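The values are calculated or read from the model by the stated rules, or taken from the named source; none is laboratory data. Worth saying up front: this structure is predicted, and the values here are computed from it rather than measured. Every residue, glycine among them, receives a Cβ derived from its backbone with ideal geometry; neighbour counts consider all protein chains shown.
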Amino acid sequence: MGLLELATGFNIAVLLVFFLLLVTLRVLFSCWISPTLKYWKIRRNGFGGPTPSFPFGNIKAIVKMSGDSSLQSSNSPHDIHSNVFPYFAQWQKSHGKTFIYWLGTEPFLYIAEPEFLKKMSGSILAKSWGKPTVFKNDRDPMFGNGLVMVEGDEWVRQRHVITPAFNPINLKVMASLMVESATNMLDNWTTFINSGKPEIDAEREIIKTAGEIIAKTSFGVSYKTGQNVLEKLRALQVTLFKSNRFVGVPFSKFFCPKKTLEAKRLGKEIDQLFLSIINDRKKSIKGKTPQDLLGILLQGSPVDSRLGKTLSQQELVDECKTFFFGGHETTALAITWTLLLLAMNPEWQDQLRDEIREVVKDGEIDVNTLAGLKKMGWVLNEVLRLYPSSPNVQRQAREDIRVDDLTIPNGTNMWIDVVAMHHDPELWGEDVNEFKPERFKGDMYGGCKHKMGYLPFGFGGRMCVGRNLTFMEYKIVLTLILSRFSFTLSPTYTHSPAILLSLRPNYGLPLRFQPL
Ligand code: HEM
């Protein structure tokens, strides 16, 4: 071997060692040095919490406690906090209602204390809040950069474009489509019951119908196209949330490559479906005044054109995904949990039926009549208190935030535990776990001792944009169901509220229906 070859071989070896050293340093920095420095900074600022071990943070403890049935409450069926979030319930006992826990190397400030939330959020503009980057990356195939995830001036722009889609005139048009879809569902139920099968999985049926409603009212697409999108969105939801995927752990995408690829594939397929829906609409929209969400998105808004910008193709797709998913599942679950609570409390079925007879009489359901269904409004509020479809709200600090003598460092994620606050006896009293819709009579906070203790639709300028649509759909569907059927719980029902992004009954909701 010549001297030159020897020198070249030596150089390659040196380069290789140097490269390996760099990789090792990078891994060491991401997995251990950087989170340890962040950890001590947070400790110096006065926050406590369970001790993390990097690079997993507190994920191992979360997994362990999630599988430990001895931590679950058996006091009342509605006392669900320790069932759905056993780790938070345990950590609250030792660290109080605000503490730091770690998902991998990402610090999360846990908040179940409304006064702290008020002080923390009081001085922050809606557009200055971040959404946890780690969730944005993880949930990208589902929401992309749609309204739920976007920040800053982009969020202002998108929110301005979207808000007109939910004005009263547009909602009125949507009402008749809702009546149509819900009536079809109930006609099918009647056929089913008449064939000697009184038991129906109400959760499955309601989710299907809510999907059909959003497909028709917001996108003007057929039931079949809507079902195709929904099935793919559902598969994506299961892929993303059914099992723990070490969110927040550096390089975790490489731990479960199969799931990462599956989520990407489904995300792309959903994008393609929306692209063809968008292109079809572009061809048919010319010269027409847009009334549904997709039409409004395609047209843009005055604010939009002043800024000289319209939504790009990918932004349109992301917005469609966000609304298709967000616009049906949360409302469907609110109706589902209502049917459970009404089956358990038949006297409330009677009260609502009496109210419907008084307010709607035999007339047609329209938006103006719905406002008269006051008791139904209390029931919705109480259902969203006990079983909030969105069980948490998330933020990320984009600057250091002072709360009394504490500083929340820039970059800290926040996990606001809505289930915990809605079930806190200190805020609601000793009857906190009882179904009592009358607590909302004449009081939109249901007697909660703190206005930020009741957050079914979030808070501040980022509060849910679809809540009026929800009130309307909820009242229409429930009015039609209660007018045609009474119902009881099936003996096969198993009470097991669980989180799959939203709060849902783990084994569906089998009910027995009797036509009236
Ligand atoms: C029972 C029904 C619903 C519940 C419980 C619910 C709950 C929520 C919550 C908790 C948030 C987060 C707010 C925050 O970060 O402070 C939110 C945001 C949002 N919701 Fe809803 N939602 C419901 C229905 C709907 C419907 C029907 C739509 C669409 C048609 C919708 C679209 C959205 C969007 C786009 C956002 C993001 C708003 C923003 O960040 O500016 N939601 N919702």
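Of all residues in region 440-462, none are within 9 Å of the ligand (Cβ to nearest atom), without any contact (Cβ under 8 Å) to a residue 40 or more places away in the chain and in contact with a Leu (Cβ under 6 Å, 6 or more places away or on another chain). Checked against the criterion of being of a type in the set (Gly, Ala, Ser) and under 22 Å from residue 94 (Cβ atoms), region 5-21 has no qualifying residue. A single entry from 365, 408 fulfils the requirement of being away from the ligand (no atom under 16 Å from the Cβ), under 24 Å from residue 216 (Cα atoms) and among the aliphatic types (A, V, I, L, M): 365.
The helices (runs of 4 or more DSSP H) located wholly in region 271-334 that include 3 or more residues which are at pLDDT 90 or above occupy 313-326. Evaluation of residue 347 against the conditions (1) in a helix (DSSP H, G or I); (2) within 16 Å of the ligand (Cβ to nearest atom) shows that the sole unmet condition is (2). Checked across region 328-335, the condition of being more than 10 Å from the ligand (Cβ to nearest atom) and crowded, with 21+ Cβ neighbours inside 10 Å holds for no residue.
So is residue 115 among the charged types (D, E, K, R) and either within 15 Å of the ligand (Cβ to nearest atom) or in contact with a strand residue (DSSP E or B) (Cβ under 6 Å, 6 or more places away or on another chain) (or both) or not? The answer is no for residue 115.
Does residue 58 meet the test of being closer than 17 Å to residue 95 by Cβ and in contact with a Ser or Thr (Cβ under 6 Å, 6 or more places away or on another chain)?
no
In region 481-503, what residues are assigned to a strand (DSSP E or B) and buried (at least 18 other Cβ atoms within 10 Å of the Cβ)? Once the filter is applied, which keeps residues that are assigned to a strand (DSSP E or B) and buried (at least 18 other Cβ atoms within 10 Å of the Cβ), region 481-503 yields 485, 487, 497, 502, 503.
Screening region 16-48 for residues that are among the small types (Gly, Ala, Ser) and out of contact with any Leu (no Cβ under 7 Å at 6 or more places or on another chain) and picking the one that is nearest to residue 246 (Cα to Cα) gives 30. Among residues of region 156-168 that are part of a helix (DSSP H, G or I), those with a beta-carbon under 8 Å from a residue that is away from the ligand (no atom under 11 Å from the Cβ) and hydroxyl-bearing (Ser, Thr, Tyr) at least six positions away or on a different chain give the pairs 160/301; 161/301; 164/301.
Any idea which residue in region 140-154 is nearest to the ligand (Cβ to nearest atom), counting only those that are in a helix (DSSP H, G or I), surrounded by fewer than 21 Cβ atoms within 10 Å (Cβ to Cβ) and at negative phi? For region 140-154, the residue satisfying everything is 154. Which one is farthest from residue 166 (Cα to Cα), of the residues in region 350-373 that are part of a helix (DSSP H, G or I) and in contact (Cβ under 8 Å) with a residue 40 or more places away in the chain? Residue satisfying both the conditions and the ranking: 353.
Here residue 369 passes the criteria (1) out of contact with any strand residue (DSSP E or B) (no Cβ under 7 Å at 6 or more places or on another chain); (2) modelled with pLDDT of 95 or more; (3) of a type in the set (Ser, Thr, Tyr) except the one numbered (2).
Here is a yes/no grid of residues against (1) at negative phi; (2) in contact (Cβ under 8 Å) with a residue 60 or more places away in the chain; (3) more than 15 Å from the ligand (Cβ to nearest atom):
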site: 476; (1), (2), (3): yes, yes, no
site: 483; (1), (2), (3): yes, yes, yes
site: 487; (1), (2), (3): yes, yes, yes
site: 491; (1), (2), (3): yes, no, yes
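Every test in (1) within 25 Å of residue 364 (Cα to Cα); (2) modelled with pLDDT of 95 or more is passed by residue 200 save one, and that test is (1). Within region 463-474, being aliphatic (A, V, I, L, M) and more than 7 Å from the ligand (Cβ to nearest atom) holds for one residue alone: 472. In region 250-270, of all residues being hydrophobic (A, V, I, L, M, F, W, C) and modelled with pLDDT under 90, the one that is nearest to residue 30 (Cα to Cα) corresponds to 251. Of the helices (runs of 4 or more DSSP H) contained entirely in region 20-96, those carrying at least 2 residues that are over 24 Å from residue 405 (Cα atoms) and touching a residue at least 12 places away in the same chain (Cβ under 8 Å) fall at 59-66, 81-84, 86-95. Looking at residue 426, is it out of contact with any helix residue (DSSP H, G or I) (no Cβ under 6 Å at 6 or more places or on another chain) and among the acidic types (Asp, Glu)? Answer is yes for this residue.
For region 255-262, the criterion of being under 25 Å from residue 178 (Cα atoms) and touching a Leu at 6+ places or on another chain (Cβ under 9 Å) is met by none of the residues.
Strands (runs of 3 or more DSSP E) fully within region 397-475 that include at least 1 residues being modelled with pLDDT of 95 or more and among the polar types (S, T, N, Q): 413-417.
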